[in-house]
Amino acid sequence: MTVIDADGHVTESQEQIARYLDEPFKRRPVNQFFYPGDGWDRRLLNTFSDLAGTTDAWLKALDKGGMESAVLYPTLGLFMSFLKDRQWAVALCRAYNTFLHEEFVKKGQRLQAVALLPVQVPEACAPELRRAVRRRARFRCEYCRLPEARAPVAPLPSN
């Protein structure tokens with residue numbers, strides 16, 4: 001029987017994402033929060049002794065749990081929809097997706113990824129998803145609803 005972790009979360013750090021930011025955004029200080037928070041410890045840093053911020057950590061977790069592969073999602077990136085700065089949202093999604101490819105997908109055949117999309121800028125979502133999928137194989141799509149959204153976000157066109 002094949003077992004897949006279909007909801008694996010990378011415990012990414014701001015420092016890891018910052019390495020993949022394009023100019024001028026890479027000049028932002030990493031000691032200031034990239035994402036607004038909601039008061040919850042989404043990374044559960046004091047709950048589990050294992051962090052999942054590297055390929056090695058994920059591969060060990062898969063082996064320990066007897067799993068074949070994992071689909072990886074953001075953790076800090078779950079706050080993406082709270083961002084108000086549209087350009088920053090696009091830059092941060094691009095950096096996150098590049099980070100995930102370079103640090104996980106490229107290094108571990110057992111790891112797939114879910115692309116983070118800037119829902120604040122609908123016209124930027126399809127190009128970023130295409131970039132992630134075409135240049136970064138084994139990516140899927142992540143929808144983070146806008147906090148003020150009342151209806152579900154419509155799916156992307158199939159083309």
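Figures for the structure shown
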| quantity | calculated |
| --- | --- |
| Residue in region 63-73 that is assigned to a helix (DSSP H, G or I) and acidic (Asp, Glu) present | yes |
| Residues of region 84-94 satisfying the condition of being over 10 Å from the mean Cα position of the chain (by Cα) and crowded, with 20+ Cβ neighbours inside 10 Å | Ala89, Val90, Ala91 |
| Candidate set: region 95-109, residues that are under 10 Å from the mean Cα position of the chain (by Cα) and of a type in the set (A, V, I, L, M, F, W, C); chosen: the one surrounded by the most Cβ atoms within 10 Å (Cβ to Cβ) | Leu100 |
| Criterion violated by Phe79 - all others in (1) in contact with a Gly (Cβ under 7 Å, 6 or more places away or on another chain); (2) surrounded by fewer than 17 Cβ atoms within 10 Å (Cβ to Cβ) satisfied | (2) |
| Condition broken by Glu23, with the remaining ones in (1) of a type in the set (D, E, K, R); (2) modelled with pLDDT of 80 or more; (3) under 25 Å from Ile4 (Cα atoms) satisfied | (3) |
| Residues that are touching a strand residue (DSSP E or B) at 6+ places or on another chain (Cβ under 9 Å) and of a type in the set (A, V, I, L, M, F, W, C), drawn from region 108-128 | Leu111, Ala113, Val114, Ala115, Leu116, Leu117, Cys125 |
| Region 74-124, residues that are touching a Pro at 6+ places or on another chain (Cβ under 9 Å), among the hydrophobic types (A, V, I, L, M, F, W, C) and outside any helix (DSSP H, G or I) | Leu83, Val114, Leu116 |
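Quick grid of which residues meet (1) under 18 Å from Arg110 (Cβ atoms); (2) among the charged types (D, E, K, R); (3) at pLDDT 90 or above:
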residue	(1), (2), (3)
Phe34	no, no, no
Gly37	no, no, no
Asp41	no, yes, no
Glu68	yes, yes, yes
Leu76	no, no, no
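The values are calculated or read from the model by the stated rules, or taken from the named source; none is laboratory data. On a predicted model such as this, the values are computed, not experimentally measured, just so you know. Cβ coordinates were reconstructed from backbone atoms using ideal geometry, including for glycine residues, and neighbour counts include every protein chain displayed.
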